[in-house]
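To start, the structure itself, in structure tokens.
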Amino acid sequence: MKTFYDYYRNQVKLSFEDHPFSTAPKHVWVICRFKNQWLLTKHKDRGLEFPGGKVEKGEGAKDAAVREVKEETGAEVENLYYIGQYYVAGKGGTIVKNVYYATISELIEQPHYYETEGPILLDHLPESIKSNALYSFMMKDEVLTECLKVIKNKYKDSH
């Protein structure tokens, strides 16, 4: 387990074990690849980030991950892999979030992308995400860095 502080100075605990904080997390975040590119979305308020969101009532985390990717990018998830889970002790309460790695089979243009402006494809993630105002705060802590290491080591076509 790795413990650190996020962009807003909240304590974060990140684990790559099988659901160490909750078997029914309320949030998901999905690191996506489509045709050798990173698939992100542009959140209307936060900026560029990987898709994700809340698990809805009666829905499992995996189903939420697939739904959020579709809603925010128009992408069809081909493969979805559980990477890890993190726990944030925030000022407004705690959040437990599953992180997944998804490979995408196709992008389908949507009439709307909910709270986002749709898909963004990048050949490479910039080294300077932490200081880049275009990127969401969610891209700026060690969750992304550590999850990318796991993905690179575990899955081909991921870098």
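See the values below:
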{"read-out": "Modelled FRET efficiency - R0 25 Å, residue 94 with residue 123, Cβ distances, 0.05 increments", "value": "0.10"}
{"read-out": "Subset of 70/149; 54/91; 54/149 violating a 20 Å alpha-carbon distance limit", "value": "70/149; 54/149"}
{"read-out": "Förster radius 22 Å - calculated FRET efficiency between residue 54 and residue 153 (Cβ-Cβ, nearest 0.05)", "value": "0.15"}
{"read-out": "Theoretical gain in end-to-end length, residue 81 to residue 23 [0.36 nm per residue, Cα-Cα removed]", "value": "19.3 nm"}
{"read-out": "Estimated vicinal HN-Hα couplings, Hz - the stretch 89-99 in sequence order (Karplus 6.51, -1.76, 1.60; Gly, Pro = x)", "value": "8, x, 5, x, x, 9, 10, 10, 10, 7, 10"}
{"read-out": "Pair residue 46, residue 108: separation of 7 Å Cα→Cβ label points (nm)", "value": "2.5 nm"}
{"read-out": "Prolate/oblate/rounded call for the chain, Cα gyration tensor, a/c under 1.5 rounded", "value": "rounded"}
{"read-out": "Phi to ³J(HN,Hα) by Karplus 6.51 cos²θ - 1.76 cosθ + 1.60 over the stretch 36-43, Hz, x for Gly, Pro", "value": "6, 10, 7, 10, 10, 10, 9, 5"}
{"read-out": "Sorted by Cβ density within 10 Å, fewest first, the residues 138, 1", "value": "1, 138"}
{"read-out": "Calculated FRET efficiency for the pair residue 131/residue 11, C-beta based, R₀ 25 Å, to 0.05", "value": "0.65"}
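Any read-out appearing in this document is the output of simple, stated calculations on the displayed coordinates, not a laboratory observation. Every value quoted in this text rests on a predicted model; they were computed, and no experiment measured them. Reconstructed Cβ throughout: ideal geometry from the backbone, glycine too, with neighbour counts over all protein chains shown.
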